[in-house]
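> This structure is in structure tokens; I'll ask about it shortly.
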Amino acid sequence: MSELAITVLQFGLLLLLWILILSIIAAQGRDMMVSKRARTRANRSSQPPAPAPEQGGTPATVHHSGQTPRPRPKRLVISEGPLVGTEVELGSAPIMMGRAQECTVVLEDDYASGKHARLFPQGSRWFLEDLGSTNGTWLGDEQLTRASTVEPGDRIRIGKTVLELRT
Amino acid sequence: MAPAQKEAHPRPRRNVELLLLVLALTIGIGAQVLVGLNLEDTIDERYYIEGGAQAALALAFHVVLRLRAKYADPFILPIVVTLNGLGIAMIHRLDFTSQYEGVADRQLLWTGLSMAAAMLLLVLLKDHRKLRQLTYISLAASVVLLFLPIVPGVGQDIQGAQVWISIGGMSFQPGELAKITLAIFFAGFLANNRDLILLAGKRIGPMTFPRLQDLGPLFLAWLIAMGVLIVQNDLGNALMFFGLFVAVIYVATSRISWIMIGGVLVAAGGLLAYQFVWHARNRFDIWLNAFDQEIYEQLYGSHQLVQGLFGLAHGGLTGTGLGSGSPQIVALANSDMIIVAFGEELGFIGLSAMLVLYLILFSRYMRAGLGTRDHFGKLLAVGLAVVLVLQVFVVVGGITRVIPMSGLVSPFLAAGGSALLANWLIVAIVLLISHAARRPIVVGPMLNTTGAGASGTEDPLRGRDTAEQLAVRDENTAEHAAVESPPGGEQR
């Protein structure tokens, strides 16, 4: 092969290397922006939580028709405590919260029990249930005694950690 | 809202990986063919077989990821395949010189073995949290692995450093595997004892210093590092093990005082080594007075380092082109000094691209650690990232005279089976951690109390009578509806 062709190929190799790097960086997108996202979420949650939507609303709301059932909240956000800013995607499975490593949401909180509370879906709602924890689970200002519904914006307090549902 | 949510939901991104993998294989195999073209070797079936083997291995790894760790990081595999392919190409190129013979074939064989071992680890381990149970076993394993080379009859002394063992005619460097076991030990130990170390301590000025008894493990790590240094004459590994521990403990406690204490201990260790270890003093002399004629000409002198610097200078901006330089002048051009060979033949543009690839790989390891939810996984990923970055720093710093040169090899590039095996196993572990980090908790609707996505969702009602579950829920729904008018649609 001619000298020229080989030289062109050599430069092609260098070019390919940088193309690989640039395409990796392009494909990463915003993946590396962890801390910034977490911080903005933490800021937002430090504001007083907005009152649960359409609670006691006028009869003329959209939901009135009953044709569009409200979607179940899809995210669980830790708004106070050691893990502030952490987010968990909710699906259709029960979520365990506590200090035990096998929990879905592992709380780094000295006031939480190993298996502290459970969040499970039913219809379009999430229900919260205490699992016999030492320090109790609080929903708003009340300590949980039985499973009860959680609306987006309700403060779930476990030890020093406060969690909220978001749609 | 909708696009934001779409972005928030994790995607497997395996197709991105496949595309990048094709690019990576083009670079690796292309480089090898280019070597053949430039050195007027006939491009025969040997090239096809070697290229085909590399492609088959990479694609097999990709398929294993698709099946076993769907949400694993999509960038790690292409980067590693690129570096590994370039390494094989450069070793292949050096096989054309008179000093080396058949090293590329051995490297390809080791690549195959390492990738097979990494795939096996991915399939068998499934969840990195199982490694936490091995915390203290890993410590014992590390000590055995580190001190195996000085056992008489097993160990070998090559080039002044006793880091090799020979099993049936094959040389193996067990210290390479100790990188993994020590990272597992440090991560497990600190995940268990982090609170203790964090809470107790004395505040002096802006920093909180740990209690003396909490310093115990740190001193132990320092002693192991010094033992490695003195007994085996291995400067690079000593620096790496100690750096690994300081970095992991800093990440676990976020206290700057650890870095300070670590720095003081490194300085003290360096001073002691300079005083008492001939090997270390020699390396210091070479580093400081590399261009001294006397040191240049003496045995074990600065000849290698200086020739390496000349090689880098010869490469210039774009390099001489693969096959056109003379990297074989430098001793150990295909292992310890392979970075110099790349600097000469690919130039600054090529070498900086490779360093950027290392940087991205490091950031992906760290990203896996940031994303995962458990403490052990975070610390393990950070530890393994630090292992990678310290190796690169020690090697590149050594050949560019930033720090004294020491016998570490650049990950994935240099000839050497044990390092390759260790680095591929690290890749497998980090991929598992990143899979755990990016995987959504639910995989499919309703299958996760027992299904594949269930790991981590321990349901206390599982296995009990389902009627009981339903009863609890129904009662509460009814009660709730009666007490406060629900915001939903059912009453209105």
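FYI, it's all coordinate maths here, none of it is from the lab. None of the values given here were measured: they were computed from a predicted structure. Using ideal geometry, Cβ is built from the backbone for each residue, glycine included, and neighbour counts are taken over all protein chains shown.
> Quantify how strongly other chains surround peptide B:351-364 by giving the mean number of their Cβ atoms within 10 Å of each of its Cβ atoms.
The per-residue average across the peptide is 3.
> Which of the peptides B:276-282, B:174-180 is most tightly packed, and how do the rest follow, judged by the mean count of other Cβ atoms within 10 Å per residue?
B:174-180, B:276-282
> Distance in nm between label sites at residue A:74 and residue B:117, each 7 Å beyond Cα in the beta-carbon direction?
My value for the distance between the label points is 4.3 nm.
> Between region B:220-259 and region A:89-138, what is the separation of their alpha carbon centroids in Å?
A separation of 39 Å, based on Cα centres.
> Next up: Mind scanning A:74/A:115; B:130/B:202; A:115/B:179; A:160/B:378 and naming the pairs with a C-alpha gap bigger than 32 Å?
B:130/B:202; A:115/B:179
> Rounded to the nearest 20 Debye, what is the dipole magnitude of region A:75-166 about its Cα centre when Lys and Arg each give +1 and Asp and Glu each give -1 at the C-beta?
In debye, rounded to 20, region A:75-166 gives about 180.
> In debye to the nearest 20, how big a dipole does region B:131-438 give about its Cα centre with +1 on each Lys and Arg Cβ and -1 on each Asp and Glu Cβ?
The dipole magnitude comes to about 1360 debye.
> Continuing with this model, one more query. Among A:138, A:18, B:222, what is the fewest-to-most ranking by other Cβ atoms within 10 Å?
Taking fewest neighbouring Cβ atoms as first place, the list is A:18, A:138, B:222.
> Please find the FRET efficiency linking residue B:19 to residue B:101, where r is the Cβ-Cβ separation and R0 is fixed at 30 Å, and quote it to the nearest 0.05.
After rounding, the FRET efficiency stands at 0.20.
> Right, something else. Given charges of +1 on the Cβ of Lys and Arg and -1 on the Cβ of Asp and Glu, with all other atoms neutral, how large is the dipole of region B:172-289 about its Cα centre, in debye to the nearest 20?
320 debye
> Determine, for each peptide in B:330-341, B:49-60, the mean count of other beta carbons within 10 angstrom over its residues, then list the peptides with the highest first.
So the peptides B:330-341, B:49-60, ranked by packing, come out B:330-341, B:49-60.
> Determine the distance separating the Cα centre of region B:326-343 from the Cα centre of region B:355-402; give it in Å without decimals.
24 Å
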